[in-house]
Amino acid sequence: MSIESLCGLTPDEILALIAPEEATMRHAVSVANSIYKKRLASLREFPGIPKSLRERLGTVAGSGLFPPIRTVLSDDGSVKFLFRNEPGQLYETVFIPEGKRQTVCISTQSGCRMGCPFCATGKYGFFGNLTARDMINQVISLPMAGQITHVVFMGMGEPMDNLGNVLKACRILTAEWGLTIAVKNVTVSTVGVEASAREFLETSPYNFSLSLFSPFPEERIRFVAAERKNPAHRIIDLMKQHSGERKRRMTIAYVMVKGINDSDRHLEALKHLAGNSGIRVNLLPYHPLPGDLNESSPPDLMQHFKHNLMISGISASVRRSRGADISAACGLLASGLAEISTPGQAKQV
Ligand code: SF4
């Protein structure tokens, strides 16, 4: 009999697993609390269920929790973790403390198949989707799990390419029986996969962020191949339709590359795209990979963009670079993973 992971299951699924004729939903919720709130790795420690049920559960399931295999600390306080699951998939997670805000940035895939040329994850290849268990474990197996206030799906992988598992993970993160993280503190980022973005926006309440790179399609294609089949303007139209509902936050993430996408022409086009929409613009520094001669736009130009967006009535911010010294910043995750060979590592699919 195969052993199921309790992490990644809902109480309904847990109840089905522990013989519903002998257990109640209260027992199932108690098991969920042991996993998601108490973060107990051993079933023997699970409180709130009869010993007979605990023993029965132990014959069919384990907690499914496992620790990172490597931890790297940045000078700025960010921490990068490397995980390897049973199939051998490698993926990274970043913890970013900032005052009272304690964010964890999680991966949704091992590698990515979107192939954005500036991104180390895209260059790493694609080793498959992560499960909801793998995503939740990236939060609750961290040493600082109890302090986490925000979760962003901005690590390795394209979340809209693994939407079912991402939505399930979001539900577990925010459920009363789960981690009880506020819905408004969960953000999912994408380069744009239209059908999945539509489903995400129509069926869930979580924040949504689109990585734009350029407001001009012919230029954006050079950074984001997905633009060919999933034009950003169509994703932004969807965002506008859902902006303002359920207090969810819609964001355009705009990585600024010196001399490439930081001209006044780009600024005007950005204002046109985001104006009167409730969509905010987050301006990010560019992190070139080795051999890439491009560099980030200078801080004063990023502030100039922010100022001009704001006086046009668009909410805008400049995001500080975090974790660049440990290859944990945007676009740098998966740097060096190709050198880690593990016997069980999944083949590229
Ligand atoms: S930027 Fe995002 S979508 Fe593009 S290759 Fe990297 S992880 Fe994938």
Checking Phe81 against (1) assigned by TED's automatic domain parsing to the domain that holds Trp177; (2) assigned to a loop (DSSP other than H, G, I, E, B), the condition it does not meet: (2)
Ile221 surrounded by fewer than 21 Cβ atoms within 10 Å (Cβ to Cβ), of a type in the set (Val, Ile, Thr) and part of a helix (DSSP H, G or I): yes
Residue pairs meeting the criteria (Cβ under 7 Å; at least 6 apart or on separate chains; first closer than 19 Å to Gly8 by Cβ, in the range 175-197; second of a type in the set (A, V, I, L, M, F, W, C) and assigned to a strand (DSSP E or B)): Ile181/Val151; Val186/Val151; Val188/Phe153; Val188/Phe208
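So in the range 63-78, with the set limited to residues that are part of a strand (DSSP E or B) and of a type in the set (A, V, I, L, M), which one is surrounded by the fewest Cβ atoms within 10 Å (Cβ to Cβ)? Give the steps one after another, and end with the answer.
Just the residues of the range 63-78 that are part of a strand (DSSP E or B), to begin with: 70-73.
Filter once more, so that each one left must be of a type in the set (A, V, I, L, M): 72-73.
Numbers: Val72: 17, Leu73: 14.
Per the criteria, the residue is Leu73.
Going by the conditions given, is Thr59 under 22 Å from Gly178 (Cα atoms), surrounded by fewer than 19 Cβ atoms within 10 Å (Cβ to Cβ), out of contact with any Ser or Thr (no Cβ under 7 Å at 6 or more places or on another chain) and among the β-branched types (Val, Ile, Thr)? Spell out how you get there, then give the answer.
Working: under 22 Å from Gly178 (Cα atoms): no; surrounded by fewer than 19 Cβ atoms within 10 Å (Cβ to Cβ): yes; out of contact with any Ser or Thr (no Cβ under 7 Å at 6 or more places or on another chain): yes; among the β-branched types (Val, Ile, Thr): yes.
So Thr59 fails the test.
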Evaluation of Leu130 against (1) in contact with a helix residue (DSSP H, G or I) (Cβ under 9 Å, 6 or more places away or on another chain); (2) within 26 Å of Val257 (Cα to Cα) (one fails), failing number: (2)
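Which count do you get for residues in the range 99-119 that are outside any loop (DSSP other than H, G, I, E, B) and surrounded by fewer than 23 Cβ atoms within 10 Å (Cβ to Cβ)? Explain how you work it out, then say what you get.
So the first thing to find is which residues in the range 99-119 are outside any loop (DSSP other than H, G, I, E, B), and the list is 101-105, 109-111.
In the following step, the residues that additionally are surrounded by fewer than 23 Cβ atoms within 10 Å (Cβ to Cβ) were identified as 101-103.
Result for the range 99-119: 3.
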Evaluation of Phe95 against (1) surrounded by 20 or more Cβ atoms within 10 Å (Cβ to Cβ); (2) at pLDDT below 95; (3) more than 12 Å from the ligand (Cβ to nearest atom) (one fails), failing number: (2)
Among (1) crowded, with 20+ Cβ neighbours inside 10 Å; (2) of a type outside the set (S, T, N, Q); (3) within 15 Å of the ligand (Cβ to nearest atom), the one test that Glu194 misses: (1)
Matching entry among Arg198, Arg234, Arg222 (being out of contact with any His (no Cβ under 7 Å at 6 or more places or on another chain) and either modelled with pLDDT under 95 or not assigned by TED's automatic domain parsing to the domain that holds Phe305 (or both)): Arg222
Filter result for Leu270 (part of a strand (DSSP E or B) and closer than 24 Å to Pro217 by Cα): no
Meets criteria (more than 16 Å from the ligand (Cβ to nearest atom), modelled with pLDDT of 95 or more, of a type in the set (Lys, Arg) and out of contact with any helix residue (DSSP H, G or I) (no Cβ under 8 Å at 6 or more places or on another chain)) for Arg171: yes
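Would you point out the residue of the range 273-311, among those that are assigned to a helix (DSSP H, G or I) and among the charged types (D, E, K, R), that is surrounded by the most Cβ atoms within 10 Å (Cβ to Cβ)?
Lys306
Among the listed residues Val166, Val188, identify the single one that is assigned to a helix (DSSP H, G or I), at pLDDT 95 or above and within 16 Å of the ligand (Cβ to nearest atom). Spell out the reasoning first.
Working: Val188 fails: assigned to a helix (DSSP H, G or I).
When all the criteria are applied, what remains is Val166.
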Single unsatisfied condition, Met302 versus (1) at pLDDT 85 or above; (2) within 21 Å of Gly157 (Cβ to Cβ): (2)
Single unsatisfied condition, Gly88 versus (1) at pLDDT 95 or above; (2) under 24 Å from Tyr206 (Cα atoms): (2)
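The values are calculated or read from the model by the stated rules, or taken from the named source; none is laboratory data. From a predicted model like this one, the values you see are computed outputs, not experimental measurements. For neighbour counting, all protein chains shown are included, and Cβ atoms are generated from backbone atoms with ideal geometry for every residue, glycine included.
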